[in-house]
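Here is the structure we will look at.
The values are calculated or read from the model by the stated rules, or taken from the named source; none is laboratory data. Owing to the predicted nature of the structure, the values given are computational and were not obtained by experimental measurement. Quick reminder, even Gly has a Cβ in these numbers, built from the backbone with ideal geometry, and neighbours come from all protein chains shown. These accessible areas exclude ligands, DNA and RNA; they are computed on the full protein's heavy atoms, side chains included. Shrake-Rupley method; radii C 1.70, N 1.55, O 1.52, S 1.80 Å.
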Amino acid sequence: MSNAEKIEEILERYSYLGSDSLIPILQDIQNELGSLNEEAIVLVGRKLNMPTSKIYGLATFYNQFKFEAKGKNHICLCNGTSCRLKGAKWNMVYLEDNLKLKNGQTTRNGQFSLEVVTCMGACDHGPVISVNDEYYREVDPEKLKNILNDLTQE
Amino acid sequence: MARCDSKAEISFIKDAVIPNLHDGTWPTEVSAKLSALRHERVRQPIIYVGVTTSSIVAGALKTRSAIEQYLDDYSVDADVIFVGSHGLCSLEPIVEVQMPGRTRVAFANVTPERVNSILDGAINGFIQPENAIFQYYSEIHEPWHGIPFKNELPFFKRQNRVLLKNAGVICPDSIAEYIAYGGYSALAKSIRKYTYDDICRIVEESGLRGRGGGAFPTGTKWRKALQVATSDRYLICNADESDPGGFMDRLLIESDPHRVVEGIILSSYAVSASKAIIYIRDRYKITIQRIQNAIDQAYEVGLLGYDILGSGYSLDIEVRKGPGAYVCGEETALIKSLEGKRGMPSIKPPYPAEFGLNGKPTVINNVETLVNIPQIVNNGPEWFAALGTEGSKGTKIFSINGQASQTCLVELTFGEPLGALLDLAGGVKDGRTFKALHLGGPSGVSVTADELDAPIDFDELPKRGISLGSGGVQVLDNTVCMVDLVKYFMHFIRNESCGKCIPCREGSNRMYQILDNISKRPVSNEGHNTLERFKGVIQLETLAEVMRDTSLCGLGQTAPKPILKALKSFRDEFEEHIFDRKCRASVCRDLRTFYIDIERCTGCTACAKKCPTQAIYGTPRSPYFIVEERCIGCGICQDTCKFGAVFFK
C-alpha cells in the first residue's frame with residue numbers, strides 16, 4: 001500500500017471532519033508512517049479544507065510531530081529533572097560528539113534517531129533511555145556506547 | 001497480559017452489585033463474592049506483581065515472565081495478578097505473595113534471578129525477613145514472623161493515604177475489584193440522593209482547591225459554569241502532566257484508574273456536563289491504555305453512557321491524546337489544542353467556565369482534584385474540611401525524586417512541614433550533603449534547609465516566597481550546581497514558550513543566554529565579551545521581574561521564579577561562577593580547570609597535539625603542564641590521556 005492510500009484509509013476512519021479532529025488525524029498518520037511529510041499534510045489539508053500552511057504551523061508547534069523519518073534505532077532520551085541531575089546531560093553530549101546526533105535528528109545512514117523527552121516517569125532508575133521501546137536504566141556514556149555497539153552489530 | 005474481569009464477573013457486578021451500590025447492603029452470597037474479589041480468603045496462592053511505567057523500566061515484565069516460568073516448571077497452581085504501585089519506586093520490581101491462610105507479604109527488588117529463591121521460600125512457608133519489606137494486616141490470617149505490618153512501616157505510617165488507598169493493592173484493570181473495595185458507591189449514592197446543585201454545594205463547603213498548581217477553589221469554578229444558562233457544558237480532566245520530574249497523576253491513573261473515572265463522572269454530574277474529556281499526553285501509552293480500559297468497563301456495567309443508573313443523566317467520556325506541549329497545561333491553551341489549533345493561551349476573562357470549548361462553559365480540573373470528589377461525597381464535606389489547615393483542606397500527593405535516597409510517591413495532609421517530604425524520601429544518599437528541596441518543576445523554587453519547617457499550605461508558603469506547584473519534588477544535594485539547574489529550567493521554558501507574548505518568548509531566550517554566558521569560560525577577556533557578560537548579570541534580576549509582571553499566562557509569569565529564588569538563597573554560588581569562574585559541583589563543564597599530575601605524566605605528547613587552544617606545554621618524555629589562562633575546559637586532554645594523568649578541580 002502506498003503512503004497516499006494509507007493516509008486515505010486513516011482519513012476515512014473519521015466520520016466528522018472538522019478542525020478538532022486535525023490533531024488525532026496527524027497522530028494516526030505519524031503512528032502509521034513514522035513521521036509526517038509534505039504529501040500527508042497536503043492530503044489532510046485538501047480533505048479538511050484547510051490551508052497547508054496552517055497544518056504545517058500546527059504540526060511544528062507540538063513536540064510530538066516530526067518531519068524527519070525515524071532511524072532504524074529510535075533513541076528516546078529522558079531529560080527530566082531527575083535524569084538530568086543524575087547525568088543525562090553527558091549522554092546527550094556523547095551522542096552529539098560521536099554520532100553528531102541532536103534532538104529530533106536522524107543520522108545520515110539512517111541507523112539512529114534521537115528524541116529528547118521530559119520525564120518518562122521512571123525517575124529512580126535514571127538516567128533512562130529507551131531504544132525502540134526497550135528501556136535501559138542508569139545509563140552513562142560508557143553503557144550507552146555498549147548499547148549502541150550491540151545495536152549496530154545486530 | 002492482565003487478569004481482566006471475566007464476562008461472568010462483569011455480569012455479576014452489573015446484575016447483582018450495582019442495583020444496591022448506593023446503600024451497600026447485599027444478600028449474603030453477593031457479599032461473599034465481593035469478599036472473594038478482595039482476596040480476603042484464598043484457596044490457592046496469589047502472586048501480585050506491580051506493573052507501572054516506572055517498574056517496567058526496573059524490569060517488572062521480565063520478573064513476571066520469570067514467575068510464570070517458575071509456576072510452569074514446578075507445576076504450582078497459583079494466580080498471577082498485576083497491580084499498581086505503592087509509591088516505593090526505588091524498591092521496584094515489587095512482588096507480593098498471598099498463601100492460603102497467611103497474610104499477604106511484599107518483597108522488594110525482585111529481579112528475575114531472585115524469583116526462584118523467593119517463591120521457593122514463600123510457597124514452603126519460610127521467608128527470610130530481610131527479603132520482605134512488609135505484610136498486610138489481617139485478623140483472620142496468620143502473620144509471618146519478623147516482618148513489619150504495612151501500617152507500621154515508617155514510610156506508610158507518616159502518610160495519610162486517602163487517594164492512594166488502593167494504589168498497589170488492587171488490579172487496575174478490574175472494575176470488579178474496585179467496586180469490591182468500595183468504589184463507585186459515592187457515584188451511586190449521589191445519583192440517587194443528590195441533585196447536581198447539592199454536590200456543587202458539598203464541594204464548596206469542603207473547601208477543596210485545585211491541585212494543578214493554581215489552587216483555585218473548585219466549588220467556585222463549578223458554580224460559575226452552572227450559572228451560565230445553556231444545555232451544553234463540558235468537563236475536561238487535565239492529565240497532560242508534563243512537569244519534568246512530576247509523575248503523580250500518571251502513577252495514580254496507572255494504579256487506580258477507576259477512581260479517576262468515578263471522579264470524572266461525579267464532577268460531570270455536578271456541573272451537569274454532557275461530555276467529559278480526558279486530555280492525556282500521547283507518550284504515556286500504559287496510562288492511556290489503563291484509563292481507556294476503565295472507561296470501557298464503566299460503559300459495560302452501565303455506569304457511563306445513556307441514562308446512568310436510571311437517573312436520566314447521560315455522559316460520554318472521551319480520551320484525547322495531547323501532542324505534547326507544556327503550555328497546554330494552561331486552561332485556555334488546552335482548549336485551543338482540543339479545538340485543533342496551536343496551544344496558545346488567550347486573555348482571561350472570559351474564563352473557560354463561562355466561555356470555553358466550542359464557546360460552551362467548560363470546567364477544567366486536574367486529575368488529583370477530581371479524585372478527591374468521591375471521598376468528599378462519601379464521607380461528607382465536614383470530614384474533608386477537618387483535614388488540613390485553615391485555607392488548604394485535604395491531602396496532597398507528591399512525587400519525590402532527584403538525588404533522594406529513595407524515589408517515591410507520597411500523600412501528606414496539608415499543614416505538615418516540608419521537611420516531612422525529605423524524611424519520607426530517606427534524605428540524601430550516603431556521603432552527600434543536603435542542599436535544597438526543589439518544589440514544582442520549571443516554575444518552582446528551591447527551598448533551603450532552614451526553610452524546611454514551613455507548613456505545606458497554599459496560603460502560608462507564598463508568604464515565605466515559596467510556591468507549592470503541582471507536586472513534583474526534587475531533592476538536591478551537593479553534586480547539584482544551582483546555576484546549571486536554573487539554566488536547565490530556563491532552557492525548558494525557552495523551548496516550551498508558545499511564542500505569543502514577547503516578554504516570555506524573548507525574555508526566556510535572553511535569560512538562558514545570560515545563564516549560559518556565566519557558566520562558560522569566556523573566549524577572551526577583553527572588550528565586548530566581558531561587557532556582555534556583566535551586562536547580562538546586571539540585567540538578570542530586572543529582566544526576571546519584567547517577565548513576571550508582563551507575561552500573558554502562567555508559564556511566563558512563573559518562569560523567572562526559580563532564578564529569583566536561587567539568586568536570593570544561593571547568591572554565593574552565582575557569584576562564584578561570575579567572578580571566580582568556578583563551579584563548586586563541577587557540573588558546568590566549561591568552567592572546569594584541568595591540571596596534569598606530574599607523577600603520572602610520561603610526556604607522550606598526545607594531549608598537547610589534541611589541545612584545540614594549544615594550552616599544554618612541555619618537553620617530550622617529561623611531564624607536561626596546562627596553562628590555565630588558555631584552557632577552555634573542553635576536556636579533550638582528559639579523554640586522550642592513556643595514563644589517567646589529567647585531572648580537574
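Chains A and B together bury roughly 3600 Å² of accessible area, counting both sides, with a 1.4 Å probe on protein heavy atoms only.
Helical runs (DSSP H, four residues minimum) scored at -39500 (n - 2.57) apiece and divided by the length of chain A put the mean residue ellipticity at 222 nm at -14500 deg cm²/dmol. Once the gyration tensor of the Cα atoms in region A:73-153 is diagonalised, the equivalent ellipsoid follows with semi-axes of 19, 12, 12 Å, ordered largest first. Residues in the protein assembly as shown average 41 Å² of solvent-accessible surface per residue, probe 1.4 Å, ligands and nucleic acids excluded.
Only helices enter this figure: runs of n ≥ 4 DSSP H residues, each worth -39500 (n - 2.57), summed and divided by the residues of chain B, yield -11000 deg cm²/dmol at 222 nm to the nearest 500. The stretch between residue A:53 and residue A:109, if pulled fully straight at 0.36 nm per residue, gains 17.1 nm over its current Cα-Cα span. Translational diffusion coefficient of the protein assembly as shown at 25 °C, 0.890 mPa s, Stokes-Einstein with Kirkwood Rh over Cα pairs, in µm²/s as a whole number. Answer, rounded: 86 µm²/s.
Binning the C-alpha pair distances of chain B at 10 Å intervals from 0 yields a P(r) profile of 3, 14, 22, 23, 18, 11, 6, 2, 1, 0 %, listed from the shortest bin outward.
The charge dipole of region B:274-398, taken about the Cα centre with unit charges on the Cβ atoms of Lys, Arg (+1) and Asp, Glu (-1), comes to about 580 debye, rounded to the nearest 20. Each residue, residue B:40 and residue A:98, gets one label point 7 Å from its Cα in the Cβ direction; the gap between the two is 5.8 nm. If R0 is taken as 25 Å, the Cβ-Cβ distance between residue A:4 and residue A:72 corresponds to a FRET efficiency of 0.55. Cβ-Cβ distance of residue B:595 and residue B:128, R₀ of 35 Å, FRET efficiency by 1/(1 + (r/R0)^6): the value works out to about 0.10. Can you give the % of DSSP beta bridges in the protein assembly as shown that are antiparallel, to the nearest 5? Around 55 percent of the beta bridges assigned by DSSP in the protein assembly as shown are antiparallel ones. With the largest listed first and rounded to whole Å, the semi-axes of the equivalent ellipsoid of region B:266-368 from the Cα gyration tensor are 25, 19, 9.
Region B:592-649 and region B:5-33 have Cα centres separated by 76 Å. Averaged over the residues of B:340-346, the number of partner chain Cβ atoms lying within 10 Å of the residue Cβ comes to 5. Cα centroids of region B:157-212 and region B:77-128: 29 Å apart. For the peptide B:461-474, the mean number of other protein chain Cβ atoms found within 10 angstrom of a residue's Cβ is 1. Largest first, the extents of the alpha carbon coordinates of region B:36-132 on the three principal axes equal 32, 28, 25 Å. Peptide B:432-441 has a mean of 1 when you count, residue by residue, the C-beta atoms of other protein chains within 10 Å of its C-beta.
Among beta bridges from DSSP that stay inside chain B, the antiparallel ones total about 55%.
Evaluated at q = 0.13, 0.17, 0.27, 0.28 Å⁻¹, a Debye calculation over the C-alpha positions of region B:559-632 (equal weights, vacuum) places log10 I(q)/I(0) at -0.54, -0.72, -1.20, -1.23.
Are there chymotrypsin sites (Phe, Trp or Tyr not before Pro) in region B:40-127 that DSSP puts in a loop and that have at most 10 other Cβ atoms within 10 Å, and which ones? Answer in residue order: B:126.
If the segment from residue B:76 to residue B:614 were pulled out straight at 0.36 nm per residue, it would be longer than the present Cα-Cα gap by 186.7 nm. The chymotrypsin sites (Phe, Trp or Tyr not before Pro) found in region B:543-584 include none that occupy coil by DSSP while having at most 10 further C-beta atoms within 10 Å. Each listed q (0.18, 0.22, 0.24 Å⁻¹) maps to a log10 I(q)/I(0) for region A:3-61 from the Debye sum over equal C-alpha point scatterers, namely -0.51, -0.80, -0.97. Quick one: pull the percent of accessible area on the protein assembly as shown belonging to carbon and sulfur, 1.4 Å probe, ligands and nucleic acids left out. Here carbon and sulfur together make up 49 percent of the probe-accessible area. Taking chymotrypsin sites (Phe, Trp or Tyr not before Pro) across region B:241-324, the ones in a DSSP loop with at most 13 further Cβ atoms lying within 10 angstrom of their Cβ are B:306.
Computed about its Cα centre, the charge dipole of region B:202-349 is approximately 520 debye, with only Lys, Arg, Asp and Glu carrying charge at their Cβ. Taking the Cα centre of chain B as origin and assigning +1 to Lys and Arg Cβ atoms and -1 to Asp and Glu Cβ atoms, the resulting dipole is close to 1760 debye. The distance separating the Cα centre of region A:81-99 from that of region B:431-499 comes to 22 Å. Using a Debye calculation, one point per C-alpha and no hydration shell, please list log10 I(q)/I(0) for region B:482-592 at q = 0.10, 0.14, 0.18, 0.23 Å⁻¹ in order. At q = 0.10, 0.14, 0.18, 0.23 Å⁻¹ the computed log10 ratios are -0.27, -0.53, -0.85, -1.26. Annotation: the antiparallel percentage among DSSP beta bridges lying fully within region A:73-153 is about 55. For region B:165-205, the convex hull drawn through the C-alpha positions has a volume of 90 cubic angstrom per residue.
Among the listed pairs A:86/B:610; B:275/B:341; B:7/B:224, those whose Cα-Cα separation exceeds 32 Å are B:7/B:224.
Compute the FRET efficiency between residue A:15 and residue B:224 as 1/(1 + (r/R0)^6), taking r as their Cβ-Cβ distance and R0 = 45 Å, and round to the nearest 0.05. With a Förster radius of 45 Å, E is 0.85.
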